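Structure, as structure tokens:
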Amino acid sequence: QVQLVESGGGLRQPGGSLRLSCAASGSIRSFYVMGWYRQAPGLQRELVARISSGGVTTYADSVKGRFTISRDNAKNTVYLQMDSLKYEDTAVYYCNFNQATNTYWGQGTQVTVSS
């Protein structure tokens, strides 16, 4: 089992920044992929960004150039730096952890972009 603890959500104005963190603990092996998904009201959950233990990153087109995902392997923690926030970034953000055939989700953290 793997446990995920998220932090960093909140309210920002358009153009502002937020940093999300997700710390994993438990039965963690050397290779895994961590990432962030989000779900806005009435919409399906979608990938925001993910990063492998080797540092390979993937971003949704909608956040490229504005969001940066990074990780600290020693702490089993992934970060999502969100800059130039837009109204459409408003959603619940979920941390995701994939290891072999197992997938784990965090409890979700609300990000609201509003003036």
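The values are calculated or read from the model by the stated rules, or taken from the named source; none is laboratory data. Note that the structure is a prediction, hence the values are computed from the model and not measured. Using ideal geometry, Cβ is built from the backbone for each residue, glycine included, and neighbour counts are taken over all protein chains shown. Side chains included, ligands, DNA and RNA excluded: accessible areas come from the protein's heavy atoms. Shrake-Rupley method; radii C 1.70, N 1.55, O 1.52, S 1.80 Å.
What the table below lists for this structure:
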| read-out | value |
| --- | --- |
| Net +/- balance of residues flanking VAL56 in space, Cβ distance below 14 Å, scoring K and R +1, D and E -1 | +2 |
| Rounded percent of accessible protein surface that carbon and sulfur make up, segment 1-76, 1.4 Å probe | 48 |
| Protection proxy ranking of 47-53, 86-92, 32-38 - average other beta-carbon atoms within 10 Å, highest first | 32-38, 47-53, 86-92 |
| Segment 74-115-segment 1-36 distance, computed between alpha-carbon centres (Å) | 6 |
| Accessible surface, segment 1-68, averaged per residue in Å² (probe 1.4 Å) | 56 |
